[in-house]
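Chemist: Pasting a structure below so you can have a look.
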Amino acid sequence: MPITKEQAYARIADAGVVAVIRAPSKDVLLDIANALLAGGVPAIEVTMSTPKAIAGIEMLADKLGDKAIVVVGTCLDAATARDAIAAGAQFVVSPAFDPQVVETTRRYGKISVPGAYTPTEILRAWTAGADVVKVFPATTLGPGYFKDILAPLPQLKLTPTGGVDIKTTPEWIKAGAVCVGAGTALVPKDAMAKSDWNTITSNARAFIEAVKSARAK
């Protein structure tokens, strides 16, 4: 049985961490994904900047099945969203808000995570049907921004990406983030280059623990 939209969302929200992978080649994606899964991170985001990203998404969906939630990242148009979903992506993540990407993602019953920055952009994306709004780049805004936004708009579901690391993850979770998107802090370039999968597994465990401890307080 294919995983439902609700099950995919629940698993990512429960873990609280999405691994954003900007791989040099699709050939390392499976090893990276297995390392992340071993550390407890089920959400594997393959960015469209990865060479042959759609083929990589299809490979992960085929090989890992329900063990992983495969996500397409840096999705800039509806055609890419459709291709990624056909290849097995459960989530469609964009750096900005495009109504057609949201509409296409929802049409196929998958989870839409467009990017936005200002309160107006965030609300517009949410009203258009986003399941979660990715606040990007979150680096300069900080967790206090989420508290400020969610005070008048508690119905929103927000996730930060850009500069998220192990130190700031608990602060984002406490500020109301559904999950965090972590890139090089979770999957370092040198670890990918050296095939150092143990480091990626250790990082994944640390991020999962950071989320758990933040939620327990």
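Chemist: Condition (residue is without any contact (Cβ under 8 Å) to a residue 12 or more places away in the chain, charged (D, E, K, R) and farther than 20 Å from Leu186 by Cα) applied to segment 78-98: is it met by at least one residue?
Modeler: Taking every residue of segment 78-98 in turn, none turns out to be without any contact (Cβ under 8 Å) to a residue 12 or more places away in the chain, charged (D, E, K, R) and farther than 20 Å from Leu186 by Cα.
Chemist: Could you tell me which of the residues Ala79, Ala86, Ala61, Ala53 is open to solvent by less than 20 Å² (accessible area, probe 1.4 Å) and modelled with pLDDT of 95 or more?
Modeler: Result of the check over Ala79, Ala86, Ala61, Ala53: Ala53.
Chemist: State all residues of segment 96-153 that are surrounded by 17 or more Cβ atoms within 10 Å (Cβ to Cβ), in a helix (DSSP H, G or I) and among the basic types (Lys, Arg); if no residue qualifies, say none.
Modeler: Arg106
Chemist: Just to check your reading of the model, which residue among Ala23, Ala19 is under 13 Å from the mean Cα position of the chain (by Cα), surrounded by 17 or more Cβ atoms within 10 Å (Cβ to Cβ) and not in a helix (DSSP H, G or I)?
Modeler: After ruling out the rest, the residue left standing is Ala19.
Chemist: If you check Lys174, Lys157, which single one turns out to be more than 15 Å from Gly39 (Cβ to Cβ), in contact (Cβ under 8 Å) with a residue 40 or more places away in the chain and surrounded by fewer than 20 Cβ atoms within 10 Å (Cβ to Cβ)?
Modeler: Among Lys174, Lys157, only Lys174 is more than 15 Å from Gly39 (Cβ to Cβ), in contact (Cβ under 8 Å) with a residue 40 or more places away in the chain and surrounded by fewer than 20 Cβ atoms within 10 Å (Cβ to Cβ).
Chemist: Let me ask something else about it. When segment 191-216 is examined, which residues are found to be out of contact with any Pro (no Cβ under 9 Å at 6 or more places or on another chain), over 21 Å from Thr139 (Cβ atoms), surrounded by fewer than 22 Cβ atoms within 10 Å (Cβ to Cβ) and of a type outside the set (Lys, Arg)?
Modeler: Ala191, Ser195, Trp197, Asn198, Thr201, Ser202, Ile208, Glu209, Ala216
Chemist: If Ile69 passes every condition in (1) touching a helix residue (DSSP H, G or I) at 6+ places or on another chain (Cβ under 7 Å); (2) crowded, with 19+ Cβ neighbours inside 10 Å; (3) closer than 20 Å to Asp165 by Cβ; (4) in contact (Cβ under 8 Å) with a residue 40 or more places away in the chain but one, which one does it miss?
Modeler: Every listed condition holds for Ile69 apart from (3).
Chemist: Of the residues that make up segment 29-38, is at least one under 21 Å from Asp196 (Cα atoms), among the polar types (S, T, N, Q), modelled with pLDDT of 95 or more and open to solvent by less than 40 Å² (accessible area, probe 1.4 Å)?
Modeler: No, segment 29-38 contains no residue that is under 21 Å from Asp196 (Cα atoms), among the polar types (S, T, N, Q), modelled with pLDDT of 95 or more and open to solvent by less than 40 Å² (accessible area, probe 1.4 Å).
Chemist: Further, regarding this structure: Within segment 135-142, is even one residue closer than 20 Å to Phe207 by Cα, in contact with a strand residue (DSSP E or B) (Cβ under 9 Å, 6 or more places away or on another chain) and of a type in the set (A, V, I, L, M)?
Modeler: yes
Chemist: Please identify the pairs in which a residue from segment 37-52 that is over 11 Å from Ile208 (Cβ atoms) and assigned to a loop (DSSP other than H, G, I, E, B) has its Cβ atom under 8 Å from the Cβ atom of a residue that is open to solvent by 10 Å² or more (accessible area, probe 1.4 Å) and among the charged types (D, E, K, R), counting only partners at least 6 apart or on another chain.
Modeler: That search, which allows pairs on different chains as well, returns Ser49/Arg22; Thr50/Arg22; Thr50/Lys26; Pro51/Lys26; Lys52/Lys26.
Chemist: Would it be correct to say that Ile12 is in contact (Cβ under 8 Å) with a residue 60 or more places away in the chain, open to solvent by less than 10 Å² (accessible area, probe 1.4 Å) and over 27 Å from Ala175 (Cβ atoms)?
Modeler: Considered against the rule, which asks whether it is in contact (Cβ under 8 Å) with a residue 60 or more places away in the chain, open to solvent by less than 10 Å² (accessible area, probe 1.4 Å) and over 27 Å from Ala175 (Cβ atoms), Ile12 comes out as no.
Chemist: Looking at segment 53-95, which of its residues are in a loop (DSSP other than H, G, I, E, B) and in contact with a strand residue (DSSP E or B) (Cβ under 9 Å, 6 or more places away or on another chain)?
Modeler: Ala68, Thr74, Cys75, Gly88, Ala89, Gln90, Ser94, Pro95
Chemist: Another question, then. Among the residues of segment 162-170, are any over 18 Å from Thr120 (Cα atoms), hydroxyl-bearing (Ser, Thr, Tyr) and surrounded by 18 or more Cβ atoms within 10 Å (Cβ to Cβ)?
Modeler: Checked against the condition, which is being over 18 Å from Thr120 (Cα atoms), hydroxyl-bearing (Ser, Thr, Tyr) and surrounded by 18 or more Cβ atoms within 10 Å (Cβ to Cβ), segment 162-170 yields at least one hit.
Chemist: Given Val28, Val18, which one is touching an Asp or Glu at 6+ places or on another chain (Cβ under 6 Å) and not aromatic (Phe, Trp, Tyr)?
Modeler: Of the residues listed, the single one that is touching an Asp or Glu at 6+ places or on another chain (Cβ under 6 Å) and not aromatic (Phe, Trp, Tyr) is Val18.
The values are calculated or read from the model by the stated rules, or taken from the named source; none is laboratory data. None of the values given here were measured: they were computed from a predicted structure. Neighbour counts are summed over all protein chains in view; Cβ atoms, including those assigned to glycine, are modelled from backbone coordinates with ideal geometry. Quick note on the areas: whole protein, heavy atoms, side chains included, nothing else; ligands and nucleic acids left out. Shrake-Rupley method; radii C 1.70, N 1.55, O 1.52, S 1.80 Å.
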